[in-house]
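Chemist: Here it is: the structure, laid out below.
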């Protein structure tokens, strides 16, 4: 349970998250249990099952785009990034539970940014984009994204989510990544 949001702007992407980690009846807050990490050219934000987030945020070695990959990052994420994530899960013997109390509750979700572009990766490994530029994962994300649509800035949206979602609380953490210019065609 968490609140993570990202805002895609023309020249950058901004990420924000709360700090609360909830496991059963236990609530933890520790800066080492970050919901957003930077790994090479990536920002990786994860929510849901902690084991899935640990593997992708701390063990997985994200591939680095080269040459023309930068011209179509959506294709690159689908064709290269997602298969490497699946392999990291397999190599680390991760198997998410087949049955939960709420079948509509995702097992995990990731927002990743590369080259200043954000992509949402669901637990079925589908890759999503949103033309509004607002993204969210976690239990309080609908509240925070709604606040963004209503005109709140990122900090205000996270504070609103913390007031209304029992699984969200400060402090809040922020990350920014500038947009990378695309490669020239034919250059590797």
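The values are calculated or read from the model by the stated rules, or taken from the named source; none is laboratory data. Keep in mind it's a predicted model, so treat the numbers as computed, not measured. Note: ideal-geometry Cβ built from the backbone for every residue, glycine included; neighbour counts use all protein chains shown.
Chemist: Checking residue 47 against (1) assigned to a strand (DSSP E or B); (2) modelled with pLDDT of 95 or more; (3) under 20 Å from residue 154 (Cβ atoms), only one condition comes out false. Which one?
Modeler: Against the list (1) assigned to a strand (DSSP E or B); (2) modelled with pLDDT of 95 or more; (3) under 20 Å from residue 154 (Cβ atoms), residue 47 comes up short only on (2).
Chemist: Another question, then. Scanning the stretch 8-35 for residues that are farther than 20 Å from residue 94 by Cβ and under 15 Å from the mean Cα position of the chain (by Cα), which turns out modelled with the lowest pLDDT?
Modeler: 19
Chemist: Also, I was wondering about something else. Could you look through the stretch 37-71, keep only residues that are closer than 19 Å to residue 178 by Cβ and without any contact (Cβ under 8 Å) to a residue 60 or more places away in the chain, and pick out the one that is surrounded by the most Cβ atoms within 10 Å (Cβ to Cβ)?
Modeler: My answer is 65.
Chemist: Could you grab me the full set of residues in the stretch 81-95 that are under 16 Å from residue 40 (Cα atoms) and surrounded by 16 or more Cβ atoms within 10 Å (Cβ to Cβ)?
Modeler: Listed by number, the residues that qualify are 81, 85.
Chemist: Within the stretch 142-172, which residues are within 11 Å of residue 16 (Cβ to Cβ), touching a strand residue (DSSP E or B) at 6+ places or on another chain (Cβ under 9 Å) and part of a helix (DSSP H, G or I)?
Modeler: Within the stretch 142-172, 144, 148, 154, 155, 157, 158, 161 qualify.
Chemist: Mind counting the residues in the stretch 8-22 that are surrounded by fewer than 21 Cβ atoms within 10 Å (Cβ to Cβ) and closer than 11 Å to residue 116 by Cα?
Modeler: 6
Chemist: Residue check: is residue 140 without any contact (Cβ under 8 Å) to a residue 60 or more places away in the chain, over 15 Å from residue 8 (Cβ atoms) and either buried (at least 20 other Cβ atoms within 10 Å of the Cβ) or more than 15 Å from the chain's Cα centre (by Cα) (or both)?
Modeler: Spelling it out, it is not the case that residue 140 is without any contact (Cβ under 8 Å) to a residue 60 or more places away in the chain, over 15 Å from residue 8 (Cβ atoms) and either buried (at least 20 other Cβ atoms within 10 Å of the Cβ) or more than 15 Å from the chain's Cα centre (by Cα) (or both).
Chemist: Still on this structure, I have one more. Out of all the residues in the stretch 56-84, which are assigned to a loop (DSSP other than H, G, I, E, B) and over 17 Å from residue 121 (Cα atoms)?
Modeler: 64, 65, 66
Chemist: Counting only residues that are closer than 24 Å to residue 156 by Cβ and not in a loop (DSSP other than H, G, I, E, B), how many does the stretch 118-140 have?
Modeler: 6
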